[in-house]
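Data first, discussion second: the structure below is written as structure tokens.
The values are calculated or read from the model by the stated rules, or taken from the named source; none is laboratory data. For clarity, every value in this text was computed on a predicted model and none was experimentally measured. Every residue, glycine among them, receives a Cβ derived from its backbone with ideal geometry; neighbour counts consider all protein chains shown.
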Amino acid sequence: MTKRIRPGAAIAVAGLLATATACTGQPSSPPGFAGRHLSAERGVNGAGAGGAGGTRTFTLLASGDILPHSMIIDRAAADAGGTGYDFRPMLKGAAPAVSGADLAICHMETVYGQDGGPYTGYPSFKSPPQVATALRATGFDSCSTASNHSLDDGVQGIGRTLDALDRAGVAHAGSARSAEEASRPTLLRAGKGKNAAKVAHLAYTYGTNDIPLPAEQPWAVNLIDKDRIVADARAARKAGADVVVVSLHWGTEWQDAPDDVQLGLGRELTASRTGGRPDIDLILGTHAHVPQAYEKVNGTWIVYGMGDQVAGAMVNHEGVQDRRANESSMGRFTFEPPAEPGQRWAVEKAEFIPQWFDPHLGRVVGLDTEASAADTAVGGRLREIRDRIHGAVLSRGAAQDGLVAGK
């Protein structure tokens with residue numbers, strides 16, 4: 001097996017079981033506030049009304065890295081029966097939770113190749129554009145696209161990726177095809193009607209694997225810079241965002257604990273306020289390949305790392321196949337509207353949903369109570385995976401702040 005190892009991150013601040021649950025395709029959404037962006041109008045979870053003007057509560061779900069290694073691309077080709085690529089079956093196990101949220105966010109780590117290929121895995125990824133179709137069919141509304149692989153195929157790769165997401169009806173944040181596009185926040189609706197919450201999705205990466213940003217297109221990928229993130233969050237608020245969500249591709253690969261840079265930047269970003277109101281309402285982390293902790297910092301939830309939702313079997317920096325690369329969590333946060341306009345939307349419920357990706361069968365496996373009922377048939381392996389994810393997620397005391405396991 002080819003080693004799939006990427007350089008460690010240092011932020012520059014300036015087959016066991018497969019589920020078979022139904023998967024419902026989602027229609028394309030109407031234009032959103034920023035022109036190219038899209039609205040999430042499903043609201044299928046039935047959250048009740050409340051707050052100023054009858055505005056509803058809403059649930060936001062986020063998942064980890066979509067990282068199609070060569071074996072994942074081969075699996076999608078097999079699932080398509082020789083007529084292209086079909087990534088929908090491998091995501092079917094996540095679909096109930098994803099489509100059940102009012103707003104669902106993924107992380108698309110790789111860029112897409114040309115129609116017909118060639119498509120490649122590690123170390124320079126070019127994924128089939130059919131990934132975008134599967135993301136929408138699973139229920140995702142927006143994806144962060146800023147990662148260390150954003151420039152694997154230059155700016156043309158970014159263009160193909162964002163074009164494909166647009167065609168599929170999936171909004172995106174973190175990379176751009178023009179300076180004008182890069183200057184606008186991704187704004188989405190969570191819920192229906194005039195009282196739907198307006199959610200800004202912003203995204204940034206620690207770097208691009210030493211590939212320099214194009215001199216004439218420095219806006220192509222958003223790099224992590226604390227002052228820039230805060231400025232963008234404040235601009236999104238001025239543009240009408242009730243809730244500002246920031247996706248960060250950061251951390252140290254294969255490290256269960258968040259590193260010092262994650263901890264420090266997380267504290268600084270969550271401490272930033274305007275008029276007493278936090279500028280950022282939720283931080284979602286990706287990149288480390290392994291599940292990391294959730295933590296409430298300065299009153300704001302940070303997910304340091306969700307792990308890889310879809311990835312092939314991987315070898316860590318010690319040259320050992322590391323099963324943690326196929327373990328992840330999805331975060332689900334229920335936001336409650338404020339009693340008075342202009343106040344903060346509060347997270348009234350915080351949940352994590354453990355999941356496992358079977359790299360041999362190519363399927364997402366939920367690790368809720370239904371999955372655990374079949375645990376005896378696989379010698380306790382699912383219980384071991386679930387317990388390891390729980391341990392990582394809760395390692396910084398999130399349970400004391402109300403984080404619970406969901407399904």
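Considering each residue of region 386-393 in turn, none proves to be at pLDDT 95 or above and assigned to a strand (DSSP E or B). Does D74 meet the test of being assigned to a helix (DSSP H, G or I) and more than 28 Å from Q292 (Cβ to Cβ)? Against the criterion (assigned to a helix (DSSP H, G or I) and more than 28 Å from Q292 (Cβ to Cβ)), D74 qualifies. With respect to the conditions (1) in contact with a Gly (Cβ under 9 Å, 6 or more places away or on another chain); (2) part of a strand (DSSP E or B); (3) farther than 22 Å from T252 by Cβ, L284 lacks only one, and its number is (3). Residues in region 154-168 that are surrounded by fewer than 22 Cβ atoms within 10 Å (Cβ to Cβ) and not polar (S, T, N, Q) were compared, and the one that is nearest to V245 (Cα to Cα) is D166.
Restricting attention to region 381-402 and to residues that are out of contact with any Asp or Glu (no Cβ under 7 Å at 6 or more places or on another chain) and crowded, with 17+ Cβ neighbours inside 10 Å, the residue that is farthest from Q355 (Cα to Cα) turns out to be S395. Residue check: is G366 under 19 Å from the mean Cα position of the chain (by Cα), under 16 Å from G93 (Cα atoms), among the small types (G, A, S) and modelled with pLDDT under 95? Yes, satisfied.
Within region 52-66, is there a residue that is among the β-branched types (V, I, T), assigned to a helix (DSSP H, G or I) and at pLDDT 95 or above? No, the conditions are met nowhere in region 52-66. Screening region 151-245 for helices (runs of 4 or more DSSP H) wholly inside it with 2 or more residues that are modelled with pLDDT under 95 and farther than 30 Å from G116 by Cα returns no ranges. Taken over region 249-262, residues that are outside any loop (DSSP other than H, G, I, E, B) and more than 19 Å from the chain's Cα centre (by Cα) amount to 2. Among the numbered conditions (1) over 20 Å from the mean Cα position of the chain (by Cα); (2) closer than 27 Å to G402 by Cα, the only one that I280 does not meet is (1). In region 328-340, the residues that are under 27 Å from I389 (Cβ atoms) form no Cβ pair under 8 Å with any partner that is of a type in the set (D, E, K, R) and modelled with pLDDT under 95, whether six or more places apart or across chains. Residues in region 320-363 that are crowded, with 19+ Cβ neighbours inside 10 Å, under 17 Å from P278 (Cα atoms) and of a type in the set (A, V, I, L, M): V347 only.
Of all residues in region 313-353, those being assigned to a loop (DSSP other than H, G, I, E, B) and within 18 Å of the chain's Cα centre (by Cα) number 0.
Determine which single condition D259 fails, assuming it passes every other condition in (1) surrounded by fewer than 24 Cβ atoms within 10 Å (Cβ to Cβ); (2) touching a Pro at 6+ places or on another chain (Cβ under 8 Å). All conditions are met except number (2).
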